[in-house]
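Asks: Input: one structure, supplied below.
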Amino acid sequence: MRLTPLQYSEKIDEATKYVRQYSANEPRVAIILGTGLGNLATHIKPEATLPYQEIPYFPQSTALSHQGQLVLGTLENVPVVAMQGRFHLYEGYPVTDAVLPVYAMQRLGAEILVVSNASGGVNPKFTGGDIMVMNSHINLMFRKNSELFNNSLVPMSSEQTGTLLYDRELIDQALQTGREHDFYIHEGCYVGLTGPNYETRSEYRMVRKIGGDVVGMSTIPEVLAAHSLQMKVLALSAVTNVAKPDALSETTAEEVVDIARLAEPKLTAIVIDLLRNL
Ligand code: HPA
């Protein structure tokens with residue numbers, strides 16, 4: 001069923017009102033923790049932890065290693081809201097349902113979205129456990145996004161910064177964190193496919209050929225929603241496996257979760273620096 005904007009707005013309001021009962025803090029930053037990356041939330045001084053099934057109109061998390069709860073509290077004394085577990089289009093949600101939490105977190109007060117994911121590297125310079133900060137994406141999820149943008153044609157690229165979607169200052173700050181903590185952060189392009197399967201060797205080859213550095217099955221809908229709300233976005237990808245199409249090994253979900261966990265401390269360092277520099 002197609003929602004009128006009013007009905008959608010009322011759903012967001014209901015979700016937001018429910019969450020506000022449990023936390024008076026207005027979060028400044030919203031954080032979405034993807035596969036294997038949920039541990040960052042343990043650094044938050046929690047005020048409230050709300051399972052998604054209790055929040056009106058929040059979908060349910062069904063993906064592996066996605067806890068499915070919203071954590072409100074402070075990190076580095078900054079009020080934040082974090083999603084421990086996200087929604088993927090492959091779980092069957094319409095785009096508007098999958099991104100409703102982004103709208104709700106923005107309505108709670110968040111002006112910045114930090115979004116993370118696990119991805120497969122196709123850039124041969126990448127290694128499992130690396131972090132890539134997204135400066136662009138290629139959307140091959142083939143879902144209609146018109147509701148997100150009210151049917152208007154929205155620019156995504158800028159002459160000055162290259163991107164309007166991914167905030168240049170936040171990207172530079174993340175790269176700086178890597179230099180200070182002695183780990184290398186790549187910068188590059190995320191190709192989004194719907195999944196839920198990992199790719200054939202031909203698909204990995206295609207992803208590389210069309211200009212991708214990594215491939216994954218999430219993030220783009222949330223980034224588009226945040227952009228439609230004029231939020232600043234920092235998107236961090238934990239590279240869990242690197243595809244070598246001519247000597248391909250098997251990618252398994254368990255391996256993806258394990259390697260993403262190795263990358264989690266780097267992600268935490270980047271987020272903590274971002275909050276300190278606000
Ligand atoms: N492909 C798609 N998504 C992924 C991968 C991959 O190889 N690894 C982790 N997420």
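The values are calculated or read from the model by the stated rules, or taken from the named source; none is laboratory data. Note that the coordinates shown come from a computational prediction; the quantities given were computed from them, not determined experimentally. Here Cβ is always computed from backbone atoms with ideal geometry, including for glycine, and neighbour counts include all displayed protein chains. For accessibility, only protein heavy atoms count, side chains too; no ligands or nucleic acids. Shrake-Rupley method; radii C 1.70, N 1.55, O 1.52, S 1.80 Å.
Asks: Given (1) within 16 Å of the ligand (Cβ to nearest atom); (2) farther than 24 Å from Y93 by Cα, identify the lone condition not met by E199.
Replies: Among (1) within 16 Å of the ligand (Cβ to nearest atom); (2) farther than 24 Å from Y93 by Cα, the lone unmet condition for E199 is (2).
Asks: Next question. Pick out the one residue from A63, A104 that is modelled with pLDDT under 85, within 16 Å of the chain's Cα centre (by Cα) and open to solvent by less than 30 Å² (accessible area, probe 1.4 Å). Break it down stepwise before answering.
Replies: Numbers: A104 fails: modelled with pLDDT under 85.
Of the residues listed, the single one that is modelled with pLDDT under 85, within 16 Å of the chain's Cα centre (by Cα) and open to solvent by less than 30 Å² (accessible area, probe 1.4 Å) is A63.
Asks: Would you please name the residue that is farthest from the chain's Cα centre (by Cα), looking only at residues in region 203-232 that are more than 16 Å from R107 (Cα to Cα) and acidic (D, E)?
Replies: Going through the qualifying residues, I end up with E203.
Asks: Something else about it: So, of the residues in region 194-216 that are at pLDDT below 95 and under 30 Å from S9 (Cα atoms), which turns out to be surrounded by the most Cβ atoms within 10 Å (Cβ to Cβ)?
Replies: Filtering first and then ranking leaves G195.
Asks: A follow-up question, please. Only one residue in L193, L175, L165 is of a type in the set (A, V, I, L, M), touching a residue at least 12 places away in the same chain (Cβ under 8 Å) and farther than 21 Å from G216 by Cα, so which one is that? Working first, answer last.
Replies: Numbers: L193 fails: farther than 21 Å from G216 by Cα; L165 fails: farther than 21 Å from G216 by Cα.
Criteria check complete, one pass: L175.
Asks: Is one or more of the residues making up region 168-186 modelled with pLDDT of 95 or more and closer than 24 Å to E91 by Cβ?
Replies: Scanning region 168-186, I find no residue that is modelled with pLDDT of 95 or more and closer than 24 Å to E91 by Cβ, so the answer is no.
Asks: For region 201-216, enumerate the residues that are under 19 Å from F142 (Cα atoms) and part of a loop (DSSP other than H, G, I, E, B).
Replies: Listed by number, the residues that qualify are I210, G211, G212.
Asks: Quick one: in region 227-258, of everything that is assigned to a helix (DSSP H, G or I) and open to solvent by less than 40 Å² (accessible area, probe 1.4 Å), which residue is farthest from the ligand (Cβ to nearest atom)?
Replies: Quick first cut of region 227-258, residues assigned to a helix (DSSP H, G or I) only: 227-228, 245-247, 253-258.
Checking the rest, the ones that are also open to solvent by less than 40 Å² (accessible area, probe 1.4 Å) come to 227-228, 245, 253, 256-257.
Values: H227: 22, S228: 25, P245: 11, A253: 8, V256: 4, V257: 9 Å.
Per the stated criteria, the residue is S228.
Asks: Can you name the condition, by its number, that Y8 falls short on among (1) modelled with pLDDT under 90; (2) open to solvent by 10 Å² or more (accessible area, probe 1.4 Å); (3) assigned to a loop (DSSP other than H, G, I, E, B); (4) not aliphatic (A, V, I, L, M)?
Replies: (3)
Asks: Further, regarding this structure: Only one residue in A263, A269 is touching a helix residue (DSSP H, G or I) at 6+ places or on another chain (Cβ under 7 Å), more than 29 Å from I12 (Cβ to Cβ) and open to solvent by less than 30 Å² (accessible area, probe 1.4 Å), so which one is that?
Replies: Working: A263 fails: touching a helix residue (DSSP H, G or I) at 6+ places or on another chain (Cβ under 7 Å).
Exactly one of A263, A269 is touching a helix residue (DSSP H, G or I) at 6+ places or on another chain (Cβ under 7 Å), more than 29 Å from I12 (Cβ to Cβ) and open to solvent by less than 30 Å² (accessible area, probe 1.4 Å), namely A269.
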